[in-house]
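Here's the structure, in C-alpha cells; my notes come after.
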Amino acid sequence: MINAETRAQIRQWFFAEHWKIGTIAQALRIHPDTVRHAIESDRFNRAQTLRACVTDPYLPLYQANLGSASAPASHAHLPDDPGPRLRGQCHPVTSCCGHLAPPPPGTLSAIA
C-alpha cells in the first residue's frame, strides 16, 4: 500500500507531466502494477464490446450460396499453374510489379 503523498505524486507525473507507468515505477522504485492501481487505469482501459458486423444479416445467404456453389472457374487468360505468376512472368513484356521480365529462352536480349 502506498501513502496519499506518493499516490498524489504518481497521479501528477502521469496525468500532468505525461510520464509513462514504467518511468514512474522506476523513479519511485515500486512495481508498475502499483502505479496502475494508483492512477486507476482500469477505469479508462476497458475492453471494448464487440459490435455486430455490417454483413451479419447476410451471413445465412452467403453460407447457403457457398454451400451450393461449385469451385470457381479459372480465368481463360491465366494458366492453371500459378508458378509463372508468382515468378513475375504473367505478361510477356512486363512482370506484375512493372519491371521488365527476362527475355524468353532462345531470343536475343536488347542489352547483349
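Nothing in this text is a laboratory measurement; each read-out follows from the coordinates by a stated rule. Treat the numbers as computed from the prediction; the structure is a model and nothing was measured. Ideal geometry is used to build each Cβ from the backbone, glycine not excepted, and the neighbour counts take in all protein chains shown.
Counting pairs of alpha carbon atoms under 8 Å apart in space and at least six apart in sequence, what relative contact order in percent does segment 4-43 give? Mind dumping the intermediate values first?
Details: 25 pairs, mean separation 15.4, N = 40.
Worked out over segment 4-43, it gives 39 percent.
Computed FRET efficiency, Cβ-Cβ of ASP42 and ALA4, R0 25 Å: what is it to the nearest 0.05?
Details: r = 20 Å, r/R0 = 0.79.
According to the calculation, E is roughly 0.80.
Under a plain spin-label model, where a point goes 7 Å from the Cα along Cα-to-Cβ, how far apart in nm are GLU17 and ALA64?
Those two pseudo-labels are separated by 6.5 nm.
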